[in-house]
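Engineer: Here's a structure for you.
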Amino acid sequence: MAKTVFNQSKVDFTKQPMFFGEDGGIQRYDDFKYPQFDKLNQTMIGYFWRPEEVSLQKDRADFMNFRPEQKHIFTSNLKYQTLLDSVQGRGPSLMFLPYVSNPELEGCIVTWDFFETIHSRSYTHIMKNVYSDPTEVFDTILEDKEILKRAKSVTGEYDKFGKMALDYAVGKKIDMIDLKKQLYLAMNTVNLLEGLRFYVSFACTFAFGELKLMEGSAKILSLIARDEATHLNLTTHVIKAWQKGDDKDMLKIMKSCDKQVIEMFKKCIEEEKAWARHLFKDGSIIGLNERLLASYVEWIANKRLKAIGFDEAFIGYGGQACGDKVLIYDAEKCIEILKKRDGMDMEGAIEFFEYNVEQAYVGQDTPIFVWPMSIDEIEELGV
């Protein structure tokens with residue numbers, strides 16, 4: 001399919017899908033199919049900041065006085081963050097933007113990518129001010145086995161989509177269902193990257209800041225975390241738009257990929273827990289340790305799953321007196337969502353829910369699914 005940077009045909013883009021519709025023409029921001037994308041774009045633009053505005057003079061002295069295990073935690077996280085934003089500094093524009101057919105989403109992705117570049121510049125700003133030779137840190141990122149273990153998970157689905165989409169763009173025969181499926185998996189990979197993979201490293205930097213250490217770096221990371229929350233919001237809106245019928249093919253694709261997406265979440269959780277173990281192998285930070293970070297990762301993951309799938313079935317937060325609080329869902333509502341969203345019949349929805357949702361263990365923060373019953377029904381069961 002030949003593409004153009006300016007479509008001269010008259011197209012009503014409020015009737016186009018978000019991806020793989022007509023190429024863009026006049027960019028207008030007064031008539032929207034998805035006004036939430038334009039609101040997010042305006043929010044991101046309003047957040048503009050420069051890392052050079054934050055002083056890191058004290059951070060250098062703090063780092064010089066760190067114990068070896070503290071230096072390991074700070075430097076390892078900085079290298080991992082640099083990898084993640086190196087991916088995102090080019091990923092959205094390189095992989096998604098050429099195939100967007102919605103003007104407000106197009107504008108959103110352009111701004112998103114720009115901010116990822118600010119983040120990458122921020123890590124360089126920290127390295128130049130904290131380390132005597134930043135090159136030593138940069139040059140060891142791709143030598144760090146723990147970081148490279150995660151690189152494949154971060155980039156794998158992205159790269160698969162990029163290869164298939166390029167074949168599509170140059171006119172090769174491509175199965176559009178397979179291409180859209182790979183787009184869906186890539187978007188979920190990004191949702192995990194923006195919504196989960198940064199948060200262990202964020203927590204460590206913020207813990208240093210609470211101790212009045214590396215406060216400049218903590219300030220920069222707080223600005224990055226604020227940006228990443230909007231990027232997560234963007235990818236979540238894209239996934240929800242597919243759930244609501246933006247592209248009829250996506251409804252069937254999402255149904256077929258539900259189990260795969262849950263497995264992606266579980267793998268990400270385990271990788272981030274392993275990263276926490278790596279960080280604290282020689283010692284912890286006051287107020288933060290491996291166990292707390294593992295619980296935090298599970299809690300964050302549950303929030304992300306709630307946001308992209310079963311939020312309408314969410315009914316509360318609780319647990320047993322001796323246990324941690326977890327999210328609680330109405331099982332019957334979850335099944336109704338599967339029927340409505342994925343087109344399952346009752347039998348199929350119940351089977352899918354019982355085997356792929358209710359029994360999906362994601363750690364000690366695994367949510368509770370309740371089946372509403374009357375007292376009489378409970379007594380009949382002998383409970």
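Just so it is clear, none of the values below were taken in a lab; they were calculated from the coordinates. Bear in mind that the values here come from a model prediction, so they are computed numbers and not experimental data. Positions of Cβ are generated from backbone atoms using ideal geometry, with glycine treated the same way; all protein chains shown enter the neighbour counts.
Engineer: Restricting the count to DSSP beta bridges whose residues both fall in the chain, what percent are antiparallel, rounded to a multiple of 5?
Structural biologist: Taking every DSSP beta bridge with both residues in the chain, the antiparallel ones total about 65 percent.
Engineer: Could you give P(r) for segment 88-199, binned at 5 Å from zero, as whole percent values over all Cα-Cα pairs?
Structural biologist: Once binned at 5 Å, the Cα pair distances of segment 88-199 give 2, 10, 16, 20, 20, 14, 9, 6, 3, 1, 0.
Engineer: Using +1 at the Cβ of each Lys and Arg and -1 at the Cβ of each Asp and Glu in the chain, identify which of Cys257, Phe369, Asn188 lies farthest towards the dipole's positive end.
Structural biologist: Asn188
Engineer: Can you pull the one-decimal nm distance between simple spin-label points at Phe138 and Ile45, each 7 Å off the Cα toward Cβ?
Structural biologist: 3.2 nm
Engineer: With a Cα-only, solvent-free Debye model of segment 82-137, what are the log10 I(q)/I(0) values at q = 0.14, 0.18, 0.24 Å⁻¹?
Structural biologist: Result of the Debye calculation: -0.45, -0.62, -0.86.
Engineer: Further, regarding this structure: Which aspartates and glutamates does Lys58 reach when only Cα atoms under 12 Å apart count, and residues fewer than 8 places away in its own chain are ignored?
Structural biologist: Result set, ordered by chain and number: Glu215.
Engineer: Computed over the Cα atoms of segment 149-268, what is the ratio Rg over Rh, Rh following Kirkwood?
Structural biologist: 1.08
Engineer: If you stretched the chain out fully between Lys281 and Leu166, how much longer would it get, using 0.36 nm times the residue separation minus the C-alpha to C-alpha distance?
Structural biologist: 37.1 nm
Engineer: By count of other Cβ within 10 Å, fewest leading, how are Thr235, Thr140 ordered? Provide the component values of the computation, followed by the final result.
Structural biologist: Numbers: Thr235 23, Thr140 12.
Least crowded to most crowded, the residues run Thr140, Thr235.
Engineer: Glu351 to Lys252: FRET efficiency via 1/(1 + (r/R0)^6), r the Cβ-Cβ distance, R0 25 Å, to the nearest 0.05?
Structural biologist: On the way: r = 17 Å, r/R0 = 0.70.
The value I calculate is 0.90.
Engineer: What does the net charge come to around Met176 if you take all other residues with beta carbon closer than 13 Å to its beta carbon, with K and R at +1 and D and E at -1? Working shown, then result.
Structural biologist: On the way: positive: Lys172, Lys173, Lys180, Lys181, Lys248, Lys252; negative: Asp167, Asp175, Asp178, Asp247, Asp249.
Around Met176, the surrounding residues sum to +1.
Engineer: Which order results if His237, His119, His231 are arranged by neighbouring Cβ count within 10 Å, fewest first? Let's see the in-between values first.
Structural biologist: Numbers: His237 19, His119 24, His231 27.
Least crowded to most crowded, the residues run His237, His119, His231.
Engineer: Less than 18 Å from a label point 7 Å out along the Cα-to-Cβ axis of Phe114: which backbone N atoms in segment 13-33 qualify, by residue?
Structural biologist: Counting backbone N atoms under 18 Å from the label point, the list is 27-30.
Engineer: Based only on Cα atoms, what mean projected area does the convex hull of segment 203-281 have, in nm²?
Structural biologist: 6.7 nm²
Engineer: Next question. Relative to the Cα centre, what is the charge dipole magnitude of the chain, using +1 at the beta carbon of each Lys and Arg, -1 at the beta carbon of each Asp and Glu, and rounding to the nearest 20 debye?
Structural biologist: Dipole of the chain, to the nearest 20 debye: 1100 debye.
Engineer: Separate question: Are there any trypsin sites (Lys or Arg not before Pro) in segment 105-174 that are in a DSSP loop and have at most 13 other Cβ atoms within 10 Å? List them by number.
Structural biologist: Lys172, Lys173
Engineer: Ok, one more. Per-residue ellipticity at 222 nm for the chain, helices alone: DSSP H runs ≥ 4 residues times -39500 (n - 2.57), over residue total, nearest 500 deg cm²/dmol?
Structural biologist: -20500 deg cm²/dmol
Engineer: Arrange Trp371, Trp112 by Cβ neighbour counts within 10 Å, fewest through most, would you?
Structural biologist: Trp371, Trp112
Engineer: Using only alpha-carbon positions, what ratio does the radius of gyration of the chain give when scaled by 2.2 N^0.38 Å?
Structural biologist: Details: Rg = 22.5 Å, N = 383, 2.2 N^0.38 = 21.1 Å.
Normalised Cα radius of gyration, the chain: 1.07.
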